[in-house]
Each structure stands twice: as structure tokens, then as C-alpha cells.
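Asker: Next up is a structure, given as C-alpha cells.
The values are calculated or read from the model by the stated rules, or taken from the named source; none is laboratory data. No experiment lies behind these values; they were computed from the predicted model shown. Cβ: placed from backbone, ideal geometry, glycine included. Neighbour counts: every protein chain shown.
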Amino acid sequence: MLDLDSLPGDDLAVNLADTVMLAVSPPVDLLDDGHAKFWATQALPEGARAPSAEQTRRLRSAVRELLEATVAAREPEAWAVERVNAAAATVPTSPRLTAEGAKTSWHGEDGGDIALAAVAVAAIDLVSGPRAAQLRRCGAHDCSMLFVAANSRRVWCTPSLCGNRVRVARHAKKG
């Protein structure tokens, strides 16, 4: 079974969406015991702090809907689009040129939640950009994880877990 340590780690928005396992009944919410750990392990903009579990779950449901709609090549539900757009709009950003190159500054001085805005912006960038065509659902029947497939032949969220389980089951069936 997947846990927070074994999330595919492709993208901030995908990581949040994957914190609920929908292919099992009842669904398993990895944030129940791992809310703080999830936010501590993500690459967040400077100044970002972990939002509340309730705020996280509200945005997660919207992000998950956007990503699922993209995978299914259908229009996302309006409530999800509105919620993601609202989260993205709470914290303005501006490009900055630094000695290390281009950097995005997040301006949370006037309120808003930088962490949630970063997830929302990541979701918008993913579903509206060229990587949308690489977004996939895991090919294992008992897994609901999503991932961004840099390789078009990739079919499992984590080849070492889901991929290995499927290969072992296939081998046992032959045997």
C-alpha cells in the first residue's frame, strides 16, 4: 500500500491529489496522520507554511477533479475550476532576476496562503500546458494514483510498488 513516503513525487499538484487513495473502499486519506509530514516534504516557495487540514482537503478535492478530468479528456466541474482559480489568486507573484537566474517571488504579505496558491498554480500549469498530455492514472487496478509520465511507456505510479505487484501477479498466473 502506498503511503506519503512512496508518492510518485512528479508535481506539487499531483502529490496533493495523490494523498487520497480512491481505489480502496473506504477511501484512505493519507493526510489523516500525515498532514504536517506532507507539507514538510514538498518543495514550497519561500515563506510558505502548512495550511490547515481542512483547507488542504478542500483544495485537494478541486485539484483531484481537475486532474481526473484531464486524464479522462472531459471538462472539469465548475466548482473545481473556481476553487483552484480562487486559491491561485490569493497570493500575487512576480518574476525576479537573481544571480542564480529567474525566480518567482510569492507576495503573501497581504494575506493569502502561499502553499495553497503554489499548489493551485501548479495544477493550472499542469492541466493547461504541454505536460497535460503526460498525466496518467496508474495502470494497477487497485491504485488510484496519478502521475506525470516523462516516458510514454510508463504505466504505473511507482514501478517498484505497483509495477512490481502487477508483474508478480502476472508471473504467478502463468505459473
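Asker: Which residue out of ARG60, ARG83 is free of Cβ contacts under 8 Å to residues at least 40 places away in the same chain, basic (Lys, Arg), surrounded by 15 or more Cβ atoms within 10 Å (Cβ to Cβ) and more than 23 Å from PRO159 (Cβ to Cβ)? Walk me through how you get there before you give the answer.
Answerer: Working: ARG60 fails: free of Cβ contacts under 8 Å to residues at least 40 places away in the same chain.
When all the criteria are applied, what remains is ARG83.
Asker: Which numbered condition in (1) over 28 Å from ALA150 (Cα atoms); (2) in contact with a strand residue (DSSP E or B) (Cβ under 8 Å, 6 or more places away or on another chain); (3) of a type outside the set (Lys, Arg); (4) touching a residue at least 60 places away in the same chain (Cβ under 8 Å) is the only one that PRO51 fails?
Answerer: Only one criterion is unmet by PRO51, namely (2).
Asker: Right, next: Say we look at the stretch 8-48 and pick out the residues that are in contact (Cβ under 8 Å) with a residue 60 or more places away in the chain and of a type in the set (D, E, K, R); which of these is farthest from ALA149 (Cα to Cα)?
Answerer: For the stretch 8-48, the residue satisfying everything is GLU46.
Asker: Pick from ALA80, ALA133, ALA123: which is farther than 19 Å from THR19 by Cβ and at pLDDT 95 or above?
Answerer: Working: ALA80 fails: farther than 19 Å from THR19 by Cβ; ALA123 fails: farther than 19 Å from THR19 by Cβ.
The match here is ALA133.
Asker: Out of the residues in the stretch 102-111 meeting the condition of being modelled with pLDDT under 90 and among the small types (Gly, Ala, Ser), tell me which one is surrounded by the most Cβ atoms within 10 Å (Cβ to Cβ).
Answerer: Here the answer is GLY108.
Asker: Can you say whether SER25 is hydroxyl-bearing (Ser, Thr, Tyr), surrounded by fewer than 17 Cβ atoms within 10 Å (Cβ to Cβ) and farther than 23 Å from ALA140 by Cβ, as far as the supplied structure shows?
Answerer: Working: hydroxyl-bearing (Ser, Thr, Tyr): yes; surrounded by fewer than 17 Cβ atoms within 10 Å (Cβ to Cβ): yes; farther than 23 Å from ALA140 by Cβ: no.
Against the criterion (hydroxyl-bearing (Ser, Thr, Tyr), surrounded by fewer than 17 Cβ atoms within 10 Å (Cβ to Cβ) and farther than 23 Å from ALA140 by Cβ), SER25 does not qualify.
Asker: To continue, here is another question. What number of residues within the stretch 128-140 satisfy the criterion of being in a helix (DSSP H, G or I) and surrounded by 15 or more Cβ atoms within 10 Å (Cβ to Cβ)?
Answerer: First pass over the stretch 128-140, keeping only residues in a helix (DSSP H, G or I): 128, 130-134.
Cutting the leftovers down to surrounded by 15 or more Cβ atoms within 10 Å (Cβ to Cβ) gives us 131-132, 134.
Residues meeting the conditions: 3.
Asker: Something else about it: Return the residues of the stretch 141-165 that are part of a loop (DSSP other than H, G, I, E, B) and either loosely packed, with under 15 Cβ neighbours inside 10 Å or free of Cβ contacts under 8 Å to residues at least 40 places away in the same chain (or both); say none if nothing qualifies.
Answerer: Step one: list which residues in the stretch 141-165 are part of a loop (DSSP other than H, G, I, E, B), which gives 141-145, 149-158.
Across the stretch 141-165, the qualifying residues are HIS141, ASP142, ALA149, ALA150, ASN151, SER152, ARG153, ARG154, VAL155, TRP156.
Asker: Restricting attention to the stretch 3-18, does a residue exist that is loosely packed, with under 15 Cβ neighbours inside 10 Å, polar (S, T, N, Q) and either outside any loop (DSSP other than H, G, I, E, B) or under 15 Å from the mean Cα position of the chain (by Cα) (or both)?
Answerer: Checking the stretch 3-18: not a single residue is loosely packed, with under 15 Cβ neighbours inside 10 Å, polar (S, T, N, Q) and either outside any loop (DSSP other than H, G, I, E, B) or under 15 Å from the mean Cα position of the chain (by Cα) (or both).
Asker: For ALA89, indicate whether it is at positive phi and surrounded by fewer than 21 Cβ atoms within 10 Å (Cβ to Cβ). Break it down stepwise before answering.
Answerer: Numbers: at positive phi: no; surrounded by fewer than 21 Cβ atoms within 10 Å (Cβ to Cβ): yes.
No.
Asker: Given the structure, is SER105 more than 25 Å from ALA150 (Cα to Cα) and assigned to a strand (DSSP E or B)?
Answerer: On the way: more than 25 Å from ALA150 (Cα to Cα): yes; assigned to a strand (DSSP E or B): yes.
Answer is yes for this residue.
Asker: For residues in the stretch 28-64 being part of a helix (DSSP H, G or I) and of a type in the set (Ser, Thr, Tyr), which is farthest from VAL119 (Cα to Cα)? Steps first, answer last, please.
Answerer: Just the residues of the stretch 28-64 that are part of a helix (DSSP H, G or I), to begin with: 31-40, 53-64.
Of the ones still in play, those that are also of a type in the set (Ser, Thr, Tyr) are 56, 61.
Numbers: THR56: 10, SER61: 12 Å.
Checking each candidate, the answer is SER61.
Asker: Based on what the data block shows, is ALA69 crowded, with 19+ Cβ neighbours inside 10 Å, part of a helix (DSSP H, G or I) and at pLDDT 95 or above?
Answerer: Working: crowded, with 19+ Cβ neighbours inside 10 Å: no; part of a helix (DSSP H, G or I): yes; at pLDDT 95 or above: yes.
Criteria not met by ALA69.
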